[in-house]
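Heads up: the structure comes next, in structure tokens.
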Amino acid sequence: MADAEASVTPIDQARRLNDAVREVKNAAADRDDVVVEIREASRVRLELLAQELQPVFDAVPADNDWFDFAISSGLQPRLWIDAISHVTLARDRRTYRFLADTRLGRTVLAEAPEIKPVADQVTRYIAERMVERQRLVEGTVEPVARLAERAKWGSVYRPRRGWRAFLHGALLVIAGALVGLAFAAAFFWDRLAELGIGF
């Protein structure tokens with residue numbers, strides 16, 4: 001055993017280390033190649049979506065600076081629609097995900113393995129944002145999405161104002177107090193009878 005350890009020269013140990021370093025570099029290069037291939041495949045799929053949406057992008061007026069319409073590079077390529085929304089690919093690298101960053105966090109606006117449903121949702125989103133911008137320019141501040149939600153339910157909510165709201169609230173409090181008193185009287189009826197209190 002001691003003879004075997006003595007027979008290993010420093011040159012052999014250096015060669016083993018060099019071989020190990022070479023193997024690690026090759027493995028890292030293989031991993032990097034896979035990552036680059038995945039990134040390129042994702043970019044190609046996003047470019048196909050961008051080609052599908054190109055007529056929509058071209059129809060947006062040039063003076064409207066709300067939209068970006070660009071594919072970003074990086075570890076995860078994204079097709080940016082505006083400053084808060086983009087399309088990316090899910091972990092399976094086949095499913096398109098249309099995402100928006102809101103005050104409450106990131107929300108999924110559309111998700112599908114095919115281009116058409118996502119392209120339709122992006123087109124709808126662009127249209128809503130253009131109408132919102134027009135309404136803001138005209139002085140109407142309510143977002144289009146809220147108006148669409150109201151139209152879907154078929155009624156328009158008008159909040160109560162002034163004395164009507166106060167009276168409505170006061171009546172609710174009085175009704176709640178009467179119901180609570182009735183339940184308490186029913187629950188403690190025997191006790192009230194012992195005290196000589198009757199109704």
Test: residue in segment 63-72 that is at pLDDT below 90, exposed (fewer than 11 other Cβ atoms within 10 Å of the Cβ) and small (Gly, Ala, Ser): no
Val137 vs. criteria modelled with pLDDT under 85, out of contact with any Phe, Trp or Tyr (no Cβ under 9 Å at 6 or more places or on another chain), part of a loop (DSSP other than H, G, I, E, B) and open to solvent by 70 Å² or more (accessible area, probe 1.4 Å): no
Answer residue from segment 91-123, given it is among the hydroxyl-bearing types (Ser, Thr, Tyr) and farther than 15 Å from Leu79 by Cβ and is farthest from the chain's Cα centre (by Cα) among those: Thr102
Residue within segment 181-199 that is at pLDDT below 90, surrounded by fewer than 10 Cβ atoms within 10 Å (Cβ to Cβ) and within 30 Å of Val60 (Cβ to Cβ) present: no
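Hey, any hits in segment 78-100 for a residue that's without any contact (Cβ under 8 Å) to a residue 12 or more places away in the chain, surrounded by 11 or more Cβ atoms within 10 Å (Cβ to Cβ) and either within 30 Å of Ile38 (Cβ to Cβ) or of a type in the set (Gly, Ala, Ser) (or both)?
No.
Might you let me know whether segment 106-121 holds any residue that is more than 22 Å from Phe57 (Cα to Cα), modelled with pLDDT of 85 or more and either open to solvent by less than 70 Å² (accessible area, probe 1.4 Å) or not aromatic (Phe, Trp, Tyr) (or both)? Show your work before the answer.
First, the residues of segment 106-121 that are more than 22 Å from Phe57 (Cα to Cα): 106-107.
This time we only want the ones that are modelled with pLDDT of 85 or more, so: 106-107.
Those still in the list that are either open to solvent by less than 70 Å² (accessible area, probe 1.4 Å) or not aromatic (Phe, Trp, Tyr) (or both) too: 106-107.
There is at least one residue in segment 106-121 that is more than 22 Å from Phe57 (Cα to Cα), modelled with pLDDT of 85 or more and either open to solvent by less than 70 Å² (accessible area, probe 1.4 Å) or not aromatic (Phe, Trp, Tyr) (or both).
The values are calculated or read from the model by the stated rules, or taken from the named source; none is laboratory data. Bear in mind the structure is a predicted one, so any value in this text is a computation, not a measurement. Don't worry about glycine lacking a Cβ; one is built from the backbone with ideal geometry, like all the others, and counts go over all protein chains shown. Just the protein is used for accessible areas: all its heavy atoms, side chains included, with ligands, DNA and RNA removed. Shrake-Rupley method; radii C 1.70, N 1.55, O 1.52, S 1.80 Å.
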